[in-house]
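Structure first, commentary second.
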């Protein structure tokens, strides 16, 4: 009797351990999920470097770090921060491009539907210019909602997002945007 009970317990333990290994893989992460995770990782790195810069400046002010060391470490940290910001901008640009492509595909499908004559009677009677204006207004609304960069740097003309405070290309402050 004890042997039978022990075999059941061992079998249950083996099944519990083997189940995650032997089960078929679940749905894979989508490309957008991976982009968002990568962006979150870069944002965390950015915060870490910014914190290190602040700590270095504090240590310099209180006299823990010499002027030569401060200059060397500060330059290194600022270069690393600039590289991280460029990477974040590149990832956001990819997301913006994917969103723009999706919007353009949706617009093309709507226009194709309109040409095929399957548009509702109310919109079919509207002139094409009115429909185009409505589509463009919807595109602008979606871009504003998704944070797609619509502004540019006043100094170098690089595209910047609405949440950016400095241009990633030239470093100019964007307080006026």
R0 of 45 Å, Cβ-Cβ distance residue 71-residue 108: FRET efficiency to nearest 0.05: 0.25
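Using only alpha carbons, build the gyration tensor for segment 1-93 and give me the equivalent ellipsoid semi-axes, biggest first, whole Å.
52, 23, 8
Readers should treat all values here as calculations from the given coordinates under stated rules, not as data from a laboratory. These numbers come from a predicted model, not from an experiment. Please note: Cβ atoms are built from the backbone with ideal geometry, for glycine as well, and neighbour counts cover all protein chains shown.
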